[in-house]
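The values are calculated or read from the model by the stated rules, or taken from the named source; none is laboratory data. Please read these numbers as outputs of a predicted model, since none were measured by experiment. All Cβ positions, even for glycine, are placed from backbone atoms using ideal geometry, and neighbour counts span all protein chains on display. Ligands, DNA and RNA are excluded from the accessible area calculation, which covers all protein heavy atoms including side chains. Shrake-Rupley method; radii C 1.70, N 1.55, O 1.52, S 1.80 Å.
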Amino acid sequence: MSLRNTPARWGHVAQFLHWLIVALVITQVVLANIAEGLPIGMKKLAMFARHKSVGITILGLAVIRLLWRWANPTPALPTTLKPYERTLAGLTHFGLYLILFAMPLTGWMMTSARGFPASWFGFFQLPDFVPKDKALYEAMKDTHHTLAAVLYAIVTLHVLAALKHHFVLKDDVLRRMLPFTKKT
């Protein structure tokens, strides 16, 4: 299989970025849930520091993924899709990219507005995105949590659509994003 996308299949790079981001988003959910359950203290701060670092990693990977997508052909959707299904697929992908950017940025703004430093795994500190501001912190916190709920909904729709393509429509839409599979 090719590193680059083809008109019929996602290439190794696109697949790797897709599945790496999936794994990191799942990691984010786990880290946030663990941190929320901890009492205020160093363990909670350390867990949120990891959460921030993974979020910045996702932001960087989303930039790379979007640039890679623009530089490569996108495999065509099946011709059997209805116009509303094509529109829904496009909106779902747009929403996923939007949230992959918005979640880390609102988290970074929230951290800055709270007056907490943000670093990338302790290697370097990120600049403050916004000045310290309690009202802005509260707004970004609400936005970040709302985006998480929207992310869950869009991911659910995305997964259900992939499963429908695989099990109901029996086309290659899911298979072409899975590593180690071939077009049937």
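Just a few scattered comments:
- Just so you know, the Cα atoms of the stretch 2-85 work out to an Rg and Dmax of 17.7, 55 Å.
- The chymotrypsin sites (Phe, Trp or Tyr not before Pro) of the stretch 98-138 that DSSP puts in a loop, and whose beta carbon has at most 12 other beta carbons within 10 Å, are Phe121, Phe123.
- CD proxy at 222 nm, helix term only [per DSSP H run n ≥ 4: -39500 (n - 2.57); per residue of the chain; nearest 500]: -23000 deg cm²/dmol
- Accessible-area composition of the stretch 98-184, carbon plus sulfur, in percent [1.4 Å probe]: 70 percent
- Ala153-Ala76 pseudo-label distance in nm [points 7 Å out on the Cα-to-Cβ vector]: 3.3 nm
- Taking the chain as the region of interest, the number of lysine pairs whose Cα atoms are within less than 23 Å, with members eight or more places apart or on different chains, is 17.
- Angle between the chain longest axis and helix 12-37 axis [Cα atoms, degrees, rounded to 10]: 40 degrees
- A convex hull fitted to the Cα coordinates of the stretch 91-184 yields 117 cubic angstrom per residue.
- Placing pseudo-labels 7 Å out from each Cα toward the beta carbon at Val29 and Ser119 gives an inter-label distance of 3.0 nm.
- Listed values (1) 22, 18, 16; (2) 35, 17, 15; (3) 30, 23, 16, entry calculated as semi-axes √(5λ) of the Cα gyration tensor in Å: (2)
- Counting only protein heavy atoms and a 1.4 Å probe, the stretch 55-123 has 54 square angstrom of accessible area per residue.
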